[in-house]
Amino acid sequence: MIAYCGLDCAKCEASIATANDDDALRAKVAEEWSRTFHVDIKPEDIHCAGCRTPGVKVHYCESLCEVRKCALARKVDTCAACGDFPCGHLAPIFKMAPEAEAALRSLRT
């Protein structure tokens with residue numbers, strides 16, 4: 001479950017909480033993300049099946065993520081398949097999660 005940006009959705013606690021219907025984990029994720037991203041996120045907002053799969057997504061991934069919007073518009077499976085890889089949309093993600101860049105680069109070889 002590699003996201004467009006290279007993050008591994010299977011390791012994302014929002015995805016894990018959704019798959020396991022784990023309200024305690026939802027509360028933990030909401031608290032951590034609220035603190036990290038300086039926004040108010042409630043446990044009931046933590047529902048995500050992954051950005052490349054049908055189903056629920058957290059609000060940011062569904063509506064605000066520029067990487068997802070771009071990948072959908074370009075009709076690529078991941079950013080690794082894009083002719084403009086790597087681009088400025090990915091820089092903040094790669095800074096926060098270098099493993100995302102490594103995952104995408106491994107898909108290009």
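Derivation of every value follows stated rules applied to the coordinates shown; laboratory data play no part. Please read these numbers as outputs of a predicted model, since none were measured by experiment. Cβ coordinates were reconstructed from backbone atoms using ideal geometry, including for glycine residues, and neighbour counts include every protein chain displayed.
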Discussion item. With an 8 Å Cα cut-off and a minimum separation of 6 or more residues, compute the relative contact order for the stretch 9-108 in percent.
Written reply: 17
Fill in: Cα-centred dipole magnitude for the chain, charges only on beta-carbon of K, R (+1) and D, E (-1), debye, nearest 20
480
Discussion item. Along the charge dipole of the chain, pointing to its positive end and built from +1/-1 on Cβ of Lys, Arg, Asp and Glu, which listed residue (C87, A19, V58) has its Cα farthest out?
Written reply: C87
Practice prompt. Using just the helices of the chain, give the 222 nm mean residue ellipticity in deg cm²/dmol: DSSP H runs with n ≥ 4 each add -39,500 (n - 2.57), and the total is spread over all residues, rounded to 500.
Written response: -13000 deg cm²/dmol
